[in-house]
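In what follows, a single structure is set out as structure tokens and then discussed.
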Amino acid sequence: MLKNKKIKVYRTDSPKQTLDLAKKIAQKLKPGDIIYLYGELGSGKTVFVKGLGKELGVKEPIVSPSFVIVRQYQGRLPLTHIDLYRLSGYDAGTLPVEEYISNDGITAIEWADRLRHFPPGLRIMFRIVDKNKREIRIEDSGH
């Protein structure tokens with residue numbers, strides 16, 4: 001169990017509220033921070049990353065990198081967006097994720113449950129409550 005783990009639970013009623021929550025979280029991030037995103041398809045992970053990007057000053061549209069696995073964006077801080085959806089446990093375990101983690105920016109990893117090891121970071125779990133409502137649980141491991 002991680003020491004000093006802080007857990008906060010939020011409820012959002014729309015994609016805009018999820019985006020706004022991500023923007024608030026992004027204000028507290030610093031270079032080298034890693035965000036691990038968990039949740040089923042359509043639970044709000046990519047919407048959350050879009051909010052991070054907006055707050056970080058990314059001008060180009062943020063899209064899911066499911067087919068290319070990694071996308072990098074420039075803003076006030078660089079944003080590296082990794083999506084492991086298309087990888088099986090074996091594939092994700094052999095992907096050199098460490099090489100994509102940005103020490104001078106923020107790294108967001110969707111489908112992080114497919115990783116075998118985790119450097120410290122924020123773990124964010126998305127749960128669908130109904131069509132537009134989400135429960136978002138944020139665990140800060142004291143990074």
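Taken together, the values in this text are just the output of simple stated rules run on the coordinates, not laboratory data. Bear in mind the structure is a predicted one, so any value in this text is a computation, not a measurement. In this analysis, Cβ positions are derived from the backbone assuming ideal geometry, glycine residues included, and neighbour counts consider all displayed protein chains.
Three semi-axes describe the equivalent ellipsoid of region 1-57; taken as square roots of 5 times the Cα gyration tensor eigenvalues and ordered largest first, they are 19, 16, 11 Å. Each peptide in 108-115, 46-53 receives the mean, over its residues, of other Cβ atoms within 10 Å, and ordering these scores from highest gives 46-53, 108-115.
The Cβ shell under 13 Å around K54 holds other residues with a net charge of +3, Lys and Arg each +1, Asp and Glu each -1.
For region 100-141, treating each Cα as an identical point scatterer without solvent, what Debye log10 I(q)/I(0) comes out at q = 0.33 1/Å? Normalising to I(0) and taking log10 leaves -1.26. Each peptide among 32-40, 68-76 gets the average number of other Cβ atoms lying within 10 Å of its residues, and from highest to lowest they stand as 32-40, 68-76.
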